[in-house]
Amino acid sequence: MRKIIYNLVIMTEIDRTDRRILQELQRDGRLANVELAERIGLSPTATGERLRRLQKDGVITGFGARIAPGKLGLGLLVFVEVSLDKTTPDVFERFAEAVRRAPEVLECHMVAGGFDYLIKTRFGTMSAYRRFLGEGLLSLPGVRETRTYAVMEEVKTDGPLPV
């Protein structure tokens, strides 16, 4: 296995067999090693070694269950654009640290363009989101402005990566 450096990021070389492993595990992360080996045409030992390498190299970052948010009373999906008052390293870091501690924030991405961050959240009701916005998000360090986008319909979720 070779590691290739692109812009100071170490990339693990992924061959065709690794891609098959990743495709199968994205479909069903609970596959037993023997079943996975059978599907990709390798021995269980060789499959297990590849799987361990993919985990060690950080290609596979974990396993978990996909949960229906509505079944837990979290059917309202909301995206929020966040603009900061200043775009300096210390403001970025303070904001990022505060977001990491906010359990309501499912994802937060720094973006290029007309605003600084895109946040993904889930709530049971719009009033619950409104409380989070007023008492949580707007009080985070550096927040100047937000724009809220409540999702009316989820067309595609949890799509596998095209490996």
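The values are calculated or read from the model by the stated rules, or taken from the named source; none is laboratory data. All values reported here derive from a predicted model rather than from experimental measurement. Cβ sites come from the backbone with ideal geometry, for glycine too, and all protein chains shown count toward neighbours. With ligands, DNA and RNA removed, areas are computed over all heavy atoms of the protein, side chains included. Shrake-Rupley method; radii C 1.70, N 1.55, O 1.52, S 1.80 Å.
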Of all residues in region 21-54 being open to solvent by less than 30 Å² (accessible area, probe 1.4 Å) and either of a type in the set (Asp, Glu) or not in a helix (DSSP H, G or I) (or both), which is farthest from Ala65 (Cα to Cα)?
Glu24
Counting only residues that are out of contact with any helix residue (DSSP H, G or I) (no Cβ under 8 Å at 6 or more places or on another chain), part of a loop (DSSP other than H, G, I, E, B) and over 30 Å from Leu36 (Cβ atoms), region 55-80 contains a total of 2
Return a yes/no flag: does region 112-131 have any residue that is in contact with a His (Cβ under 9 Å, 6 or more places away or on another chain), more than 18 Å from Pro89 (Cβ to Cβ) and without any contact (Cβ under 8 Å) to a residue 40 or more places away in the chain.
yes
Qualifying residues in region 76-91 (those that are open to solvent by 50 Å² or more (accessible area, probe 1.4 Å) and in contact (Cβ under 8 Å) with a residue 12 or more places away in the chain) - the one nearest to Ser139 (Cα to Cα)
Asp85
Restricting region 136-157 to residues that are in a strand (DSSP E or B) and closer than 16 Å to Thr125 by Cα, the residue that is most open to solvent (accessible area, probe 1.4 Å):
Tyr149
State the number of residues belonging to region 75-88 that are at pLDDT 95 or above and either over 23 Å from Thr157 (Cα atoms) or in contact with a His (Cβ under 6 Å, 6 or more places away or on another chain) (or both).
3
